[in-house]
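After the structure tokens below, expect a handful of questions from me.
The values are calculated or read from the model by the stated rules, or taken from the named source; none is laboratory data. Note that the coordinates shown come from a computational prediction; the quantities given were computed from them, not determined experimentally. Glycine also receives a Cβ, built like all others from the backbone with ideal geometry; neighbour counts cover every protein chain displayed. Note: areas computed on protein heavy atoms with side chains; ligands, DNA, RNA excluded. Shrake-Rupley method; radii C 1.70, N 1.55, O 1.52, S 1.80 Å.
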Amino acid sequence: MTDTRRRVKVYTLNEDRQWDDRGTGHVSSGYVERLKGMSLLVRAESDGSLLLESKINPNTAYQKQQDTLIVWSEAENYDLALSFQEKAGCDEIWEKICQVQGKDPSVDITQDLVDESEEERFDDMSSPGLELPSCELSRLEEIAELVASSLPSPLRREKLALALENEGYIKKLLELFHVCEDLENIEGLHHLYEIIKGIFLLNRTALFEVMFSEECIMDVIGCLEYDPTLSQPRKHREFLTKTAKFKEVIPISDPELKQKIHQTYRVQYIQDMVLPTPSVFEENMLSTLHSFIFFNKVEIVGMLQEDEKFLTDLFAQLTDEATDEEKRQELVNFLKEFCAFSQTLQPQNRDAFFKTLSNMGILPALEVILGMDDTQVRSAATDIFSYLVEYNPSMVREFVMQEAQQNDDVSKKLTEQKITSKDILLINLIIEHMICDTDPELGGAVQLMGLLRTLVDPENMLATANKTEKTEFLGFFYKHCMHVLTAPLLANTTEDKPSKDDFQTAQLLALVLELLTFCVEHHTYHIKNYIINKDILRRVLVLMASKHAFLALCALRFKRKIIGLKDEFYNRYIMKSFLFEPVVKAFLNNGSRYNLMNSAIIEMFEFIRVEDIKSLTAHVIENYWKALEDVDYVQTFKGLKLRFEQQRERQDNPKLDSMRSILRNHRYRRDARTLEDEEEMWFNTDEDDIEDGEAVVSPSDKTKNDDDIMDPISKFMERKKLKESEEKEVLLKTNLSGRQSPSFKLSLSSGTKTNLTSQSSATSLPGSPGSPGSPGSPGSPGSVPKSTSQTAAITTKGGLVGLVDYPDDEEDDDEDEDKEDTLPVSKKAKFES
């Protein structure tokens with residue numbers, strides 16, 4: 001296996017000037033035929049896929065930073081970095097790059113991407129270096145002009161940077177800064193501002209290491225206080241030395257770590273507060289500054305993580321009851337910043353980081369913190385919890401389930417423990433903080449709802465050979481937590497309208513409904529049992545009467561999600577409890593207003609019609625048709641009525657329904673293997689076996705005679721009729737038992753039928769009175785048996801797929817019958833004969 005020296009992490013710089021992690025792998029160098037040159041190759045350690053294939057271009061500037069980093073730009077605004085696990089690996093690849101470019105491996109940068117003019121080429125040959133003016137007070141203006149004139153040219157920037165490095169020029173400039181301040185030489189200070197700003201834009205790590213050293217960084221910040229565009233200088237040094245205090249919540253024994261923390265804070269301050277907002281051009285020239293901060297944070301997290309004594313003391317003080325509130329708040333804020341820094345780690349290092357925190361007991365510590373009254377501390381603890389959930393939700397789920405198991409064990413001995421168990425479960429604390437958020441905009445509640453949604457999302461739950469995390473955690477959640485989540489909903493919907501209907505309560509209930517809707521979509525029997533047993537849908541639909549439209553729409557969306565599942569358990573629950581009543585009431589109260597509520601309700605009924613959910617169609621028409629029949633600006637409700645009438649006619653004429661099934665199977669469900677067998681028999685038939693004058697027919701039609709045709713179909717029809725009569729009997733008993741009436745009378749009498757006045761509509765209804773060829777039609781007394789017998793013979797002899805009624809094909813049947821009705825009378829008679 002490849003040694004760890006070559007183990008690297010690939011980074012790319014995104015549009016926000018942040019480094020994106022592209023994966024971990026092993027780097028090598030070699031000749032790539034496709035690229036026609038020596039190239040750097042990184043293959044992923046997980047699956048061997050190619051993470052990076054980059055040709056070592058002779059003109060590309062490669063930079064070596066902090067002993068384990070190589071950074072370069074491949075195109076405009078496309079920066080790459082390799083972060084090595086070991087310094088030896090970085091040195092090895094750096095030597096390969098320098099070998100290709102003909103450079104000395106001792107340099108930290110090979111070269112800039114040169115696009116110089118012929119004159120610059122000549123200058124390069126004639127003058128190998130750039131000579132800087134002597135560092136004197138009288139020549140500051142000349143130095144500033146030299147720096148400004150060098151920035152547009154990559155070649156001149158390179159020469160200037162080398163001159164500044166070799167001559168120790170920066171320290172000399174900072175000495176002049178003290179002189180100018182003592183003399184109050186404002187003009188000189190303005191020149192120094194331009195010079196130092198220009199040095200930042202040279203984008204050189206070696207220069208940054210000098211400028212950000214302990215002895216120089218405050219003077220560099222001082223130079224940047226004297227912006228010529230400002231009437232008064234800024235007071236950045238005063239803020240950093242007097243206002244900003246370094247709080248060492250846990251003593252840090254490592255002086256190198258302490259110095260690195262100070263340096264990173266100050267450099268971050270320079271980037272965010274001191275340097276002026278860069279132009280697009282300048283932004284690209286500050287990429288090394290971003291990288292310097294980024295990798296400093298990586299180093300700090302690594303050093304802290306390795307200090308076991310530091311982390312042990314941190315968690316011990318967090319959970320110690322004797323720790324005062326102010327101290328605990330400082331500890332929590334430190335831990336929050338520590339977790340934020342961890343986002344810069346490579347994935348394998350982040351794994352180790354969070355595993356270390358877990359072993360140290362971060363989740364029990366958070367439980368203690370979340371139980372405190374201090375809102376600032378709770379807010380910081382919530383941010384830490386969000387880092388844990390987003391990184392590894394399974395770790396959090398495992399903790400809360402173990403905690404619940406321990407509580408259950410204790411409750412067997414102490415029955416009163418059951419009363420307080422919900423107060424000590426971490427996940428219930430999160431739910432309660434969401435419910436009790438005092439922010440008028442519910443900012444914290446929205447964040448916590450997102451975390452709960454992540455925890456209950458089956459998509460990120462693991463499955464092992466012996467058990468599934470989904471089954472275990474959802475069982476735990478619905479047993480111990482769901483009642484806490486739904487408590488505000490149940491408390492506010494005890495009557496026909498919400499008992500509290502202020503804006504903040506409506507926002508909270510909308511969040512609860514959003515999470516419940518997610519559960520309906522992603523959970524199976526757990527949420528179904530809870531909704532039906534607790535009558536949750538009835539309570540939710542009370543919110544349809546809210547004065548806040550967004551809350552009423554949330555309630556409607558919840559019901560729409562349930563109907564969208566097309567689950568007959570849900571459908572029977574809705575019908576038994578008449579839960580379309582609040583929706584119809586809201587629709588009627590909305591009147592003729594064309595708004596989101598109107599459209600959403602119509603869409604729900606349209607879904608029922610298009611999907612042909614028979615039970616809900618019958619329920620809506622039987623109970624609410626009189627209230628909806630006058631709605632004619634959409635055809636949804638008339639379409640529902642038509643569906644209902646078609647269902648009725650199929651129930652009244654089961655023989656016709658079965659005939660359609662047979663015809664439909666004959667047309668569309670023919671077994672392909674049967675067709676192949678018949679074709680093979682056809683071509684294998686000897687012509688001599690066919691007598692003169694005998695018609696050539698397919699084998700499936702050869703043996704048809706009246707007895708063969710009528711016998712199997714008659715037996716099938718008897719069985720079909722007997723089965724359907726039994727089903728109708730059961731359905732009738734079910735409908736008659738325990739049925740309650742809706743509170744307002746919108747029901748349509750089940751014994752009445754609506755006769756359609758349109759002739760075209762009548763003919764499109766299979767089995768409708770007067771339609772040609774229908775059973776019971778006085779105009780065609782023997783046509784159906786004949787047609788039926790022929791079809792049945794094909795069915796039984798041709799080996800068709802099973803006789804199944806496919807509701808989706810009803811429209812095709814109607815179209816076929818329309819076509820039959822449009823035939824001329826003579827052809828129709830001939831067809832039926």
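For region 481-506, what are the residues that are open to solvent by less than 30 Å² (accessible area, probe 1.4 Å) and either touching an Asp or Glu at 6+ places or on another chain (Cβ under 8 Å) or within 19 Å of MET449 (Cα to Cα) (or both)? Please lay out each step first, then the result.
If we filter region 481-506 for residues that are open to solvent by less than 30 Å² (accessible area, probe 1.4 Å), which is where we start, we get 481-482, 484-486, 488-489, 492-493, 498, 505-506.
Hits for region 481-506 are CYS481, MET482, VAL484, LEU485, THR486, PRO488, LEU489, THR505, ALA506.
Taking LYS297 as the residue in question, decide whether it is in contact with a Ser or Thr (Cβ under 7 Å, 6 or more places away or on another chain) and either among the acidic types (Asp, Glu) or open to solvent by 30 Å² or more (accessible area, probe 1.4 Å) (or both). Reasoning before the result, please.
Details: in contact with a Ser or Thr (Cβ under 7 Å, 6 or more places away or on another chain): yes; either among the acidic types (Asp, Glu) or open to solvent by 30 Å² or more (accessible area, probe 1.4 Å) (or both): yes.
Taking the combined requirement at face value, the residue satisfies it.
Quickly run through region 194-230 and pick out the residues that are assigned to a helix (DSSP H, G or I) and either touching a residue at least 60 places away in the same chain (Cβ under 8 Å) or open to solvent by 10 Å² or more (accessible area, probe 1.4 Å) (or both).
Selection gives GLU194, LYS197, PHE200, LEU201, THR205, ALA206, PHE208, GLU209, VAL210, MET218, ASP219.
Restricting attention to region 582-606, report how many residues are surrounded by fewer than 17 Cβ atoms within 10 Å (Cβ to Cβ), of a type outside the set (A, V, I, L, M) and under 21 Å from ARG538 (Cβ atoms).
2
Let me ask another. Condition check: buried (at least 18 other Cβ atoms within 10 Å of the Cβ), part of a strand (DSSP E or B) and either at negative phi or touching a residue at least 60 places away in the same chain (Cβ under 8 Å) (or both). Does SER28 satisfy that? Break it down into steps so the answer makes sense when it comes.
Numbers: buried (at least 18 other Cβ atoms within 10 Å of the Cβ): no; part of a strand (DSSP E or B): yes; either at negative phi or touching a residue at least 60 places away in the same chain (Cβ under 8 Å) (or both): yes.
For SER28, the condition - buried (at least 18 other Cβ atoms within 10 Å of the Cβ), part of a strand (DSSP E or B) and either at negative phi or touching a residue at least 60 places away in the same chain (Cβ under 8 Å) (or both) - is not met.
Is it the case that ASP351 is open to solvent by 20 Å² or more (accessible area, probe 1.4 Å), of a type outside the set (S, T, N, Q) and either more than 27 Å from THR4 (Cα to Cα) or not in a helix (DSSP H, G or I) (or both)?
On the way: open to solvent by 20 Å² or more (accessible area, probe 1.4 Å): yes; of a type outside the set (S, T, N, Q): yes; either more than 27 Å from THR4 (Cα to Cα) or not in a helix (DSSP H, G or I) (or both): no.
So ASP351 does not fit the description; no.
Also, quick follow-up: Only one of ARG5, ARG34 is modelled with pLDDT under 85, charged (D, E, K, R) and assigned to a helix (DSSP H, G or I). Can you tell me which?
Working: ARG34 fails: assigned to a helix (DSSP H, G or I).
None of the others qualify; the one that does is ARG5.
Need the failing condition index for ILE369 against (1) farther than 30 Å from ILE293 by Cα; (2) open to solvent by 50 Å² or more (accessible area, probe 1.4 Å); (3) assigned to a helix (DSSP H, G or I), just the number.
Only one criterion is unmet by ILE369, namely (2).
Can you name the number of the only condition in (1) within 27 Å of the chain's Cα centre (by Cα); (2) on the phi > 0 side of the Ramachandran plot that LYS36 fails?
That leaves (1) as the condition not met.
Please go through region 73-88 and give me each residue that is modelled with pLDDT of 85 or more and touching a strand residue (DSSP E or B) at 6+ places or on another chain (Cβ under 7 Å), ordered by number.
Of all residues in region 73-88, those modelled with pLDDT of 85 or more come to 80-88.
Across region 73-88, the qualifying residues are LEU80, ALA81, LEU82, SER83, PHE84, GLN85.
So which residues in region 31-45 are crowded, with 16+ Cβ neighbours inside 10 Å and of a type outside the set (A, V, I, L, M), if there are any at all?
Residues satisfying the conditions are SER39, ARG43, GLU45.
Take region 46-69 and flag every residue that is in contact with a strand residue (DSSP E or B) (Cβ under 7 Å, 6 or more places away or on another chain), more than 19 Å from PRO347 (Cα to Cα) and open to solvent by less than 60 Å² (accessible area, probe 1.4 Å).
Within region 46-69, SER54, ILE56, THR60, ALA61, TYR62, GLN63, LYS64, GLN65 qualify.
Every residue in region 245-268 that is surrounded by fewer than 17 Cβ atoms within 10 Å (Cβ to Cβ) and farther than 15 Å from PHE334 by Cα, please.
Within region 245-268, SER253, ASP254, PRO255, GLU256, GLN259, LYS260, GLN268 meet the criteria.
Which condition breaks for LYS412 when tested against (1) open to solvent by less than 50 Å² (accessible area, probe 1.4 Å); (2) modelled with pLDDT under 85?
Against the list (1) open to solvent by less than 50 Å² (accessible area, probe 1.4 Å); (2) modelled with pLDDT under 85, LYS412 comes up short only on (1).
Out of the residues in region 520-551 that are in a helix (DSSP H, G or I) and among the β-branched types (Val, Ile, Thr), state the one that is nearest to the chain's Cα centre (by Cα). Give the steps one after another, and end with the answer.
The first filter runs over region 520-551 and keeps only residues in a helix (DSSP H, G or I), leaving 520-522, 525-534, 536-545, 549-551.
Subsequent filtering for residues that are among the β-branched types (Val, Ile, Thr) retains 520, 527, 531-532, 536, 540, 542.
Numbers: VAL520: 17, ILE527: 22, ILE531: 26, ILE532: 29, ILE536: 27, VAL540: 26, VAL542: 31 Å.
Filtering region 520-551 for residues that are in a helix (DSSP H, G or I) and among the β-branched types (Val, Ile, Thr), the one nearest to the chain's Cα centre (by Cα) comes out as VAL520.
Can I ask one more? Would you mind listing the helices (runs of 4 or more DSSP H) fully within region 265-345 where at least 2 residues are modelled with pLDDT of 85 or more and under 33 Å from the mean Cα position of the chain (by Cα)? So that I can check it myself, show each step before the final result.
Working: elements: 280-285, 287-306, 308-319, 325-342.
Fully inside region 265-345 and qualifying: 287-306, 325-342.
Same structure, new question: Checking GLU15 against (1) assigned to a strand (DSSP E or B); (2) open to solvent by 20 Å² or more (accessible area, probe 1.4 Å); (3) within 30 Å of THR277 (Cβ to Cβ); (4) not hydroxyl-bearing (Ser, Thr, Tyr), which test does it fail?
(1)
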